[in-house]
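The values are calculated or read from the model by the stated rules, or taken from the named source; none is laboratory data. As the structure is a prediction and not an experimental result, all values here were calculated from the model. Neighbour counts are summed over all protein chains in view; Cβ atoms, including those assigned to glycine, are modelled from backbone coordinates with ideal geometry. Keep in mind that these areas ignore ligands, DNA and RNA; they rest on the heavy atoms of the full protein, side chains included. Shrake-Rupley method; radii C 1.70, N 1.55, O 1.52, S 1.80 Å.
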Amino acid sequence: VDGTVDLRSDTVTRPTRRMRAAIAEAEVGDDVYGEDPTVNRLEAMAAERCGKEAALLCPSGVMANQLALRTLARPGTEVLVEADAHLVNYEDGAGAVLGGVQFRTVPSERGVLDPEAVAAAIRPDAYHLTPTSLVAIEQTHNRRGGTVTPLERVRAILGEARERGVATYVDGARIFNASAALGIPVAGLVEDADGLMFSLSKGLGCPVGSVLVGSQDAIERARLWRRRYGGAMRQAGVLAAAGIHALEHHVDRLAEDHANARRIADELDGTGAVEAERVETNMVYVDTGTLDAPAVASQLAEDGILVGALGPATLRLVTHLDVDTDACVRAARAIGELLSAFG
Ligand code: TLP
């Protein structure tokens, strides 16, 4: 907006003029009565795109994930997730507090689970054992660099769960990025999943919202829990209109964000701070070596370049529709200069 390059997350985007126009013109009604035509249209579109029966607009990704835990897992059981999953790292213990589940974490290479490790970690419904009721994967994997789990691997992981009668879920906050990177429609990526969520408010550029998608029965139960959690909204068609606009106009352009992330990685190639092959979608993780990452981030902020400091030596840069290639190159060069001057 003011020359600032904000690469902290793809959640920081502001609605475009055309999206604002779609919001302004949205037909609305009271969604708690099921009478918001725009919400109904978005939910039908989302279900169809994901190849599932039904969908539910939620105020946030965390709520959609929590509704999935409530409806696909059972209190008093285990949910198996990758060790760096958003569900276990970034949801303030909500799975335990609200869902009544405990997590069993499985470490992985690059956020991509090994099916054999998943099979070994699933616990049967046996006396005294806390059984596994849900296996969840994160697509793309945020904390491991926006990495993608290839389709064959998705099938193998979720297959291990299904064989054992365990439900399956995809935290697909950025599944459209995975779909763009793999060239596979979202429906194909989630065929073996009982449910998924995707975010409207990340790469798709909406101000608010995530959509939970699954069977009619699971979505009906999630609708009840959404109200219990305080997430039933009234004239939410203003939000849904943005979502419809995004599904129609902001999906194909995700490839540009991926190209910009790659461009940042290329600019930083000589520094050794970026594992270029790890840059698969719209995220770049930068290793600041001996430099204090939060200090580097503060220094960059003085030049109007905002990045996330995710650890003592880790920066995260996320590309999105509010940053163009020039802005990305400018940010990458500034980081490169800091690293070579002080590293
Ligand atoms: N991720 C946010 C932060 O919470 C880290 C970000 O900036 O990346 N699943 C995944 C994989 C996510 O990355 C996020 C948000 C969520 C769920 C939660 O979505 P919201 O923020 O809409 O509740």
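Quick check on Ala181: is it open to solvent by 30 Å² or more (accessible area, probe 1.4 Å) and within 16 Å of the ligand (Cβ to nearest atom)? When the stated conditions are applied, Ala181 passes them. Contact map, the range 95-119: first residue under 21 Å from Thr281 (Cβ atoms) and of a type in the set (A, V, I, L, M, F, W, C), second residue assigned to a helix (DSSP H, G or I) and open to solvent by less than 10 Å² (accessible area, probe 1.4 Å), Cβ cut-off under 7 Å, separation 6 or more or different chains; pairs are Leu113/Ile157. Here Ile219 meets each of (1) surrounded by fewer than 17 Cβ atoms within 10 Å (Cβ to Cβ); (2) away from the ligand (no atom under 16 Å from the Cβ) with one exception, condition (1).
Inspect the range 45-57 for any residue being of a type in the set (Gly, Ala, Ser) and farther than 19 Å from Val190 by Cβ and give the result as yes or no. No, the range 45-57 contains no residue that is of a type in the set (Gly, Ala, Ser) and farther than 19 Å from Val190 by Cβ.
So that you can scan it fast, the table gives a plain yes or no per residue for (1) modelled with pLDDT of 95 or more; (2) crowded, with 19+ Cβ neighbours inside 10 Å; (3) closer than 15 Å to Ala259 by Cβ:
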site: Glu302; (1), (2), (3): yes, no, no
site: Gly311; (1), (2), (3): no, no, no
site: Leu317; (1), (2), (3): yes, yes, yes
site: His320; (1), (2), (3): yes, yes, yes
site: Asp324; (1), (2), (3): yes, no, yes
site: Leu339; (1), (2), (3): no, yes, no
site: Phe342; (1), (2), (3): no, no, no
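If you go through the range 24-58 and keep only what is β-branched (Val, Ile, Thr) and open to solvent by 40 Å² or more (accessible area, probe 1.4 Å), you end up with Val28, Val32.
Of everything in the range 77-127 that is open to solvent by 10 Å² or more (accessible area, probe 1.4 Å) and at positive phi, the residue that is modelled with the lowest pLDDT is Arg110.
Would you call Thr290 open to solvent by 10 Å² or more (accessible area, probe 1.4 Å) and hydroxyl-bearing (Ser, Thr, Tyr)?
Yes: the conditions hold for Thr290.
Can Ser210 be described as touching a strand residue (DSSP E or B) at 6+ places or on another chain (Cβ under 8 Å) and crowded, with 24+ Cβ neighbours inside 10 Å? It is true that Ser210 is touching a strand residue (DSSP E or B) at 6+ places or on another chain (Cβ under 8 Å) and crowded, with 24+ Cβ neighbours inside 10 Å. Scanning the range 287-319 for residues that are free of Cβ contacts under 8 Å to residues at least 24 places away in the same chain and closer than 17 Å to Val12 by Cα gives Ala297, Ala301, Ala309.
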